[in-house]
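Shown next, in structure tokens, is the structure this report addresses.
The values are calculated or read from the model by the stated rules, or taken from the named source; none is laboratory data. All of these numbers come straight from a predicted model, not from anything done at the bench. Cβ placement follows ideal geometry from the backbone for every residue including glycine, while neighbour counts extend to all protein chains displayed.
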């Protein structure tokens, strides 16, 4: 392929990737996610508020557990979600999950611990609304305002240690890498206390991203390797590492981790799509088409399907 064609398809890849993100942010689809909330004795917690938010922005929803402690969300798109549970008399609980549209999603069981210091806590509803405002400000790149909200939320809700990732990410975007790493370290320590390997692995990946931004490539690779080794069955983690590399234009490394995500969960469609864009950016059209077709095979009813099919048809006409 000559240079002109290659540049053209790189631009197209970026445009299609942006379209893909726009669809993903909508968060709507045919997926269903269910689960339960229990206390330390294993008894169901009725009347608990369960909040759902897609990790990359977009759809937010909430529901309340029934008498059996069960909850469910319907009409969800594909993607990673954060679940936060609030119930009187308990510390806030949280969990992450990956939603798929074309297969049954495993139920998510969330454990709530008794709040033995409830008198010292502030009601959460206002702070949850503030957290949503903080996320909006972060997306608008109003980092100082977002940081102020995240810091106040952490004071009120220290048990929701995912907030330290929000604070760390904000410092990272401000270019204050030392403070970002301090926050990731807090999240890592709290995750260790809870034996939460998912969040420990996420902390390692966050350290890796900081190293990557500082062009400390060996250190970044070491952190990412440790992250995957700690949680080798987490396809979301592998995918997120791939996204970090893709965002830094390190296409070969991105493809490596997209492939790992697929090895862990072959039926997940999103890594095929992104790997298709990655090959497109490399100018390897045949491999790009192959991966894009795999995406359509695994998620033919995706809102992105018409766009992807159009791209495949366009590539077929390129000599």
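The single condition among (1) touching a residue at least 40 places away in the same chain (Cβ under 8 Å); (2) in contact with a helix residue (DSSP H, G or I) (Cβ under 6 Å, 6 or more places away or on another chain) that residue 236 does not satisfy is (2). Quick check: is even one residue across segment 57-64 exposed (fewer than 15 other Cβ atoms within 10 Å of the Cβ), on the phi < 0 side of the Ramachandran plot and touching a residue at least 60 places away in the same chain (Cβ under 8 Å)? Scanning segment 57-64, I find at least one residue that is exposed (fewer than 15 other Cβ atoms within 10 Å of the Cβ), on the phi < 0 side of the Ramachandran plot and touching a residue at least 60 places away in the same chain (Cβ under 8 Å), so the answer is yes. With respect to the conditions (1) within 20 Å of residue 62 (Cβ to Cβ); (2) at pLDDT 90 or above, residue 141 lacks only one, and its number is (1).
Applying the criterion of being under 16 Å from residue 160 (Cβ atoms) and modelled with pLDDT of 85 or more to the residues of segment 109-124, the residue that is surrounded by the fewest Cβ atoms within 10 Å (Cβ to Cβ) is 111.
Would you be able to say whether some residue in segment 231-242 is crowded, with 17+ Cβ neighbours inside 10 Å and over 17 Å from the mean Cα position of the chain (by Cα)?
Let us first name the residues in segment 231-242 that are crowded, with 17+ Cβ neighbours inside 10 Å, namely 231, 234-242.
Now restrict to residues that are over 17 Å from the mean Cα position of the chain (by Cα): none.
No, segment 231-242 contains no residue that is crowded, with 17+ Cβ neighbours inside 10 Å and over 17 Å from the mean Cα position of the chain (by Cα).
Among the residues of segment 202-230 satisfying the criterion of being on the phi < 0 side of the Ramachandran plot and not in a helix (DSSP H, G or I), which is surrounded by the most Cβ atoms within 10 Å (Cβ to Cβ)? This residue is 216. Candidates 93, 80: the one that is modelled with pLDDT under 90 and touching a helix residue (DSSP H, G or I) at 6+ places or on another chain (Cβ under 8 Å) is 80.
Within segment 69-104, which residues are part of a loop (DSSP other than H, G, I, E, B) and surrounded by fewer than 18 Cβ atoms within 10 Å (Cβ to Cβ)?
The first filter runs over segment 69-104 and keeps only residues part of a loop (DSSP other than H, G, I, E, B), leaving 69, 77-78, 87-89, 91-92, 100-104.
Across segment 69-104, the qualifying residues are 88, 89, 102, 103, 104.
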